[in-house]
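Structure, as structure tokens:
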Ligand SMILES: [Zn+2]
């Protein structure tokens, strides 16, 4: 991970596990901020996109056009992955979709319901190792804003790759 991103996630309160070994029970019921980062890459991000595009085309392409288009559109953000390994910053907590907790957001991110889950599946199916980081806190909204502002100041004003807006989409990534 680039040095500035490693610094963003430093501090005793941050915890992290590879998503392959994370026990969701360790996340239960708390509010906080979270991040998704790459532990190990396998191939280029644009190859992940083309592989998934082919897969979706073969499976949904004709039979279920809406699913094909919607999932592909969310996968677009994989193509924004550059040198930075920090892929996503987000929060759970008050006033965020009925105050969903860290466990819920993690489950949505890895199993559906989160705007980034297609990208997560695409990367994992392509052999990438991803790591989930989380920090419990009392004011996730404020902490998230601060974290994102710091990230942007260190990355030419850009958001993490999977936080991006979807061009032409009606979703706003969180
Ligand atoms: Zn970075």
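Site pair residue 28 and residue 42 shows an inter-label distance of 3.2 nm when each label is modelled 7 Å from Cα along Cα→Cβ.
For the chain, the longest principal axis of the Cα atoms and the long axis of helix 65-75 meet at an angle of about 40 degrees. Temperature 37 °C, viscosity 0.692 mPa s: under these conditions the Stokes-Einstein estimate for the chain, based on its Kirkwood radius over C-alpha pairs, is 199 µm² per second. Here region 34-105 is described by how far its Cα atoms reach on the three principal axes: 41, 31, 17 Å, from widest to narrowest.
Over region 51-148, the Kirkwood radius and the radius of gyration, each from Cα atoms, give a ratio Rg/Rh of 1.02. Among 36, 103, a tally of other beta-carbon atoms within 10 Å of each Cβ gives an order, fewest to most, of 103, 36.
Taking the C-alpha atoms only, the angle from helix 102-111 to the longest principal axis of the chain is near 20 degrees. Two numbers describe the Cα atoms of region 1-81: Rg and Dmax, which are 16.9, 50 Å. Cα-based radius of gyration for region 97-148, normalised by 2.2 N^0.38 Å, reads 1.27.
What value, in deg cm²/dmol to 500, does the helix sum -39500 (n - 2.57) over DSSP H runs of n ≥ 4 give at 222 nm once divided by the residues of the chain? Mind showing how you got there, number by number?
Numbers: 6 runs with 66 residues, N = 174.
Roughly -11500 deg cm²/dmol at 222 nm, from the helical runs in the chain.
Modelled spin-label separation between residue 1 and residue 14, with each label point placed 7 Å from Cα along the Cα-to-Cβ direction: 0.4 nm.
Values in this text are rule-based calculations from the coordinates and carry no lab data. Please read these numbers as outputs of a predicted model, since none were measured by experiment. As a convention, Cβ positions derive from the backbone with ideal geometry for all residues, glycine included, and neighbour counts pool all protein chains shown.
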